[in-house]
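These notes are about the structure you will find just below.
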Amino acid sequence: MANIASEGIAPLWHWLGHQLAHPEGGGGVLVGRAMSLANREPYRLAIEALRPAQQDRVLEIGFGPGAGIAALAACVPGGHVAGIEGSPAMLRLAASRNRGAVAGGQVELREGDFRALPWAGASFDGVLAVNVAYFFDAGGAAAFEIRRVLKPGGRAVLYVTDRSTMARWPFAGADTHRTYDAAELRRLLVQGGFRDADIRVVAHRLPFGVEGLIAVARAA
């Protein structure tokens, strides 16, 4: 009986994993709104680690429903916030949430591929990616692009949930999520062109027994 129940719920977990990777349709909108709640503390920790100055140009990779974009815009009132997202559904949500900042020119949101960012090299003082590296390519192109668009001395901050926690979540299977421990998160950034000496990975304990990892990498 337990096996039948498990088999019956497996397609739901599979659906959820794919929606987290690429939200679409009405279900994607619901998942996106749930992401806003789940990511509050990760965003707080990641933006605190990024330490953006008021005049900075910052980029968010995979901005989802746009909560991080709004928080970054509040941190850089004299600067500029750009974002790239692969999901049209999330782009619409984020554009609606940040309507005023987009209209005023402080925020720029684009749909696109993390492996080919549509900005020139050395365009940003900071790059943020919260719970997105699970969907980066194994070849390291997304990590390389983060390094490419950073100005010398700029900082990239990546937040992920540690593999030890992800292993308990049935929606985070290998078919949709690339998971990390601290060493592998560091290797991702080295693969992208950051020097090992310029990378710091810190573990954080979040509510409900979640182990989070924040990597901070400085562009030489």
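Within the range 140-155, name every residue whose backbone N is under 13 Å away from a label modeled 7 Å from Cα of Arg115 along the Cβ vector.
Only 140-145 pass the distance filter.
Any chance you could check the Cα centroid distance between the range 75-100 and the range 145-220 for me, in angstrom?
If you average the Cα positions of each part, the centres end up 22 Å apart.
Going through the range 146-220, which trypsin sites (Lys or Arg not before Pro) have at most 15 other Cβ atoms within 10 Å and a DSSP loop state?
Arg168, Arg195
³J(HN,Hα) across the range 97-104 via Karplus (A = 6.51, B = -1.76, C = 1.60, θ = phi - 60°), whole Hz, x for Gly/Pro?
Per-residue couplings from phi come out as 5, 10, 3, x, 5, 5, 4, x Hz.
Rounded, prolate or oblate, given the Cα gyration tensor of the range 103-165, with a/c below 1.5 counting as rounded?
prolate
Given a cut-off of under 8 Å on Cα pairs at least six residues apart, what relative contact order in percent is computed for the range 101-220?
Working: 208 pairs, mean separation 32.5, N = 120.
After rounding, I find 27 percent.
Values quoted throughout were computed directly from the atomic coordinates according to the rules given, and no laboratory measurement underlies them. Just so it is clear, the model here is predicted, and its values are computed rather than measured. Note that we place each Cβ from the backbone using ideal geometry, even for glycine, and neighbour counts take in every protein chain shown.
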